[in-house]
1. Would you check which residues across the range A:57-89 are among the hydrophobic types (A, V, I, L, M, F, W, C) and within 20 Å of residue A:268 (Cβ to Cβ) and list them?
2. In the range A:465-478, what residues are of a type outside the set (Asp, Glu) and either in a helix (DSSP H, G or I) or touching a residue at least 12 places away in the same chain (Cβ under 8 Å) (or both)?
3. Among what's in the range B:88-116 and is in a strand (DSSP E or B) and under 9 Å from the mean Cα position of the chain (by Cα), pick the residue that is nearest to the other protein chains (Cβ to nearest Cβ).
4. For the range A:448-469, which positions are at pLDDT 80 or above and surrounded by 21 or more Cβ atoms within 10 Å (Cβ to Cβ)?
5. Which of the residues belonging to the range A:718-747 are closer than 14 Å to residue A:705 by Cα and in contact with a Phe, Trp or Tyr (Cβ under 9 Å, 6 or more places away or on another chain)?
6. Do we have residue A:127 as closer than 29 Å to residue A:35 by Cβ, touching a residue at least 24 places away in the same chain (Cβ under 8 Å) and either in a helix (DSSP H, G or I) or charged (D, E, K, R) (or both) here?
7. Counting only residues that are polar (S, T, N, Q), give me the helices (runs of 4 or more DSSP H) lying completely in the range A:499-607 with at least 1 of them.
8. What pairs can you find where one residue is in the range A:766-791 and more than 29 Å from residue B:34 (Cβ to Cβ), the other is assigned to a helix (DSSP H, G or I) and of a type in the set (Phe, Trp, Tyr), and their Cβ atoms are less than 6 Å apart, with a gap of 6+ or different chains?
Amino acid sequence: MKLVVVGHGPTSSRLVEALVAKGFGGRITVLGEEPRAAYDRVALTSYLTGRSAEDLTYPVPEGVVLRLASRVTGIDRDGRTVTTADGHVEPYDVLVLATGSSPFVPPVPGRELEGCFVYRTIDDLDAIREAAAGAGSGVVIGGGLLGLEAADALRGLGLSTHVVEMGGWLMPRQVDEGGGAVLRGHVEALGLTVHTEAGAREIVAGPDGRVAGLVKPDGETIAAQVVVFSAGVRPRDELARQAGLEVGDRGGIAVDDGMRTSDPAIYAVGECALHDGMVYGLVGPCFTMAEVAADRILGGQAAFARADLSTKLKLLGVEVAQFGAMDGALDVTFMDPVGGIYQKLFVSDDARTLLGGICVGDATPYNTLKPFVGRDLPGAPSELLFTGGPASMDLPDDAQVCSCNNVTKGQVCAAVADHGLTDVAGIKGCTRAGTTCGSCLPMLKQILIKSGVEVSKALCEHFAHSRAELFDIVRVRGITTFSQLIDEHGTGRGCDVCKPVVASILASLGNGHILDGEQAALQDTNDHFLANIQRNGTYSVVPRIPGGEITPDKLIVIGEVARDFGLYTKITGGQRIDLFGARVEQLPLIWKRLVDAGFESGHAYGKALRTVKSCVGSTWCRYGVQDAVGLAISLELRYRGLRSPHKLKSAVSGCARECAEARGKDFGVIATEQGWNLYVGGNGGFTPRHADLFASDLSTEELIRTIDRFLMFYVRTADRLQRTSAWLESQGLEYVRQVVLEDSLGICADLDAQMDRHVASYADEWRTAIEDPGKLRRFVSFVNAPATPDPSIAFTAERDQIKPVLLPLEVVRS
Amino acid sequence: MTVLSEATTTVWTAVCAYTDLLPERGACALVGRHQIALFRTFDGELFAIGNQDPFSGAQVLSRGIVGTRAGEPSVASPMHKEVFSLVTGVCLDDPAVAVPIYPIRVADGTVEVGVR
């Protein structure tokens, strides 16, 4: 089957993703009007505060044909083809229209002038940013959700900003007059000027022909060099009209419960679709439409029902939320003009059933009470508003917790139970709840805590504590051995989970060589043999090559060692060289050769700093603005050997071209003209994540102090095997910023001292091992035949190097 | 099938000094063609099981982390962390799988393992 989708926005992207996930066997072609693939429009404004277009872009599944900059100009329903502006003809068996909507620009004289914009696409934002560069003030026409979003963007671009709203107050579709007044107070406190019951009579040009101001109906002129129209959107239904499909009187492509238009071969989803007299502009209902259409295309019977229009958002730093009905027989209002909080609940005439609510300044009631809409209130309305409600408010199972992805509490609980989930990330992965706007994340956490899974923080059967708690116990009590810790704070004798954790904690706190005394028995095989075990039981050896910089002589030594010991060599992703196939008794001999040539352990085996990758930097590169290699080397030497909850990777790029891929690292540094930008919490691997900008334009000294504290705070507080990316999401970027940059917990001096101790006590683990005969005795294949190599290890050849021959399994199965 | 009594068929082989074994850690002995993983637990007890990890085929169990599960002495394979009982050889994560166990004893400070 040939499926063609017209339009590539979030809904289209969701539709294609759903089809592929459900096993659609046909060919999918997507024709997008914009020159770029679908991106997250909800987060559009973040594009102006540092997120790149790539960050916002949704992934396109394998096998889907995506034609960008391909505006469809006509549909031939009889011939079942669509034609694009550049003359391309695409045949279809099933057609889906996901054309979205376009901003409504009221017919104001002067609206075509240079300096007038709409706020919908990345191109719009680029144009606004360019215009703002030479401007002093801007005005946004429309004080609704999108209008305030646009105003926030103009303010962020440094413009003195005005908002002009036709209605009597801001966000009239989400809040009532009282809420609007409180919201206005917040907005004005940020320096914005609000004009209500106002519109644009005319937009006037200056002598250069560009926008110079907006004339209000009362004749007042607001001087502005940038004007943004944000007065609502209109469904893009022109293709459907042309093709003779049924459309609504006020626009929108009419669809049935299965998202089918008046032509059974054509579906419509998203903001262009008109269902039961309603057009939806919120991402939640649009995603549901995409899921319904995908199911129907695959022969299912899913149906779209009137959607919940509740919204919660944070605009200009102010939480605004609305849920359920906006009126009722009775209402109860809580208002705190000092704190700028306005909360109102609408209830039935017997004050027992919750009908809806409005929040400005603090949206807690949205989180706690929205699932109770249409149900008996869990307490007296005034009590719910004043105290946040009784502590144990149990939601019914069919209450919707994530409206973006239509997930109920029951589905979350089932996923938690069926998959043994213990964190919010797991719930996101299994149910998609919380993956779109994120407003339900606090509720997901509550459900998890109440679900009886107990979100067990117990490390394993031997310790009832989390890793962070054990860290504090060890640090505060000054415990130096596992035996003491488990005797005093645990049960049994430990296992493969708790022993390496305790080993890591002891090492982070600077308790000597990891193979000293009892600590040796705690280490995982990799740490125990200071090398990485491979599938045939041999090990690989990775010498440190700081920053990826290496002399020809050292390269030759690595080559000679590999040749002499018959090792397989491969360049790693971290700009170093991995030598594979060493037997345990060969390891000390290999290290001896490497250490004598000036190498040291690269800690590839440890939950520790791995590498600090770098680009070549300003020394050689004509684009470089700072010495990336020099910084990378000094960072790698500073943090080498630091034991942490999981491995740590880093990179330094010498300019914004980012050749070192620093934003995929736990801590990444990108050079600026003024210094360094620090990014944290990046990850490749199973769950890729771009690092967040943590601090900008730091001097080298400031940068190192900031990284010191960030790393030590992570080492102290993260869970076992929790990478910085997951840790940062659990702590919140803002919180970590406050702790590290503003010392909100008053622990920075302590973190600094701890890092200083680490740096001062570092010693190469390979050198220490080969200089200690007691440690060396462990490096044998057989305790009763130290000279005998393991006869089970064998190699064959592939591409001129060794390759392991795997042993046949002698499995005893009863 | 011939049934022989254990006493007539167990051959004891000296493999190392008791002090060669570290508490809570394993070592491997080569006895004939058998690779045998030896363990000394925190209380001084000794255990011997087959060294081959039945899940990966690699001869590595002697290099796993020693501990207890519900009080039973155990070792976790360093390859993919399946846990085996040192007492019975049974995999505690998948009881359908087991590794061989061997008798082990100390005579005059020397560790001996028995191979049938």
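The values are calculated or read from the model by the stated rules, or taken from the named source; none is laboratory data. Bear in mind that the values here come from a model prediction, so they are computed numbers and not experimental data. Because the Cβ atoms are built from the backbone with ideal geometry, glycine has one as well, and the counts that use them run over all protein chains shown.
1. Of the range A:57-89, the ones among the hydrophobic types (A, V, I, L, M, F, W, C) are A:60, A:64-66, A:68-69, A:72, A:75, A:82, A:85, A:89.
Correct list: A:64, A:66, A:72, A:75, A:82.
2. Initial filter on the range A:465-478 (of a type outside the set (Asp, Glu)): A:465-468, A:470-471, A:473-478.
Once the filter is applied, which keeps residues that are of a type outside the set (Asp, Glu) and either in a helix (DSSP H, G or I) or touching a residue at least 12 places away in the same chain (Cβ under 8 Å) (or both), the range A:465-478 yields A:465, A:466, A:467, A:468, A:470, A:471, A:473, A:474, A:475, A:476, A:477.
3. Keep residues of the range B:88-116 that are in a strand (DSSP E or B), which gives B:90-91, B:97-98, B:101-102, B:104-107, B:110-115.
Next cut, under 9 Å from the mean Cα position of the chain (by Cα) only: B:101-102, B:104.
Numbers: B:101: 11, B:102: 13, B:104: 13 Å.
Once the filter is applied, the top-ranked residue is B:101.
4. Kept after step one, since they are at pLDDT 80 or above, are these residues of the range A:448-469: A:458-469.
If the condition is that a residue be at pLDDT 80 or above and surrounded by 21 or more Cβ atoms within 10 Å (Cβ to Cβ), then A:459, A:462, A:463, A:467 are the ones that fit.
5. Here is the first cut: in the range A:718-747, the residues closer than 14 Å to residue A:705 by Cα are A:737, A:739-743, A:747.
Within the range A:718-747, A:737, A:739, A:740, A:741, A:747 meet the criteria.
6. Details: closer than 29 Å to residue A:35 by Cβ: yes; touching a residue at least 24 places away in the same chain (Cβ under 8 Å): no; either in a helix (DSSP H, G or I) or charged (D, E, K, R) (or both): yes.
Considered against the rule, which asks whether it is closer than 29 Å to residue A:35 by Cβ, touching a residue at least 24 places away in the same chain (Cβ under 8 Å) and either in a helix (DSSP H, G or I) or charged (D, E, K, R) (or both), residue A:127 comes out as no.
7. Here the list reads A:525-529.
8. What qualifies is A:766/A:591; A:770/A:591.
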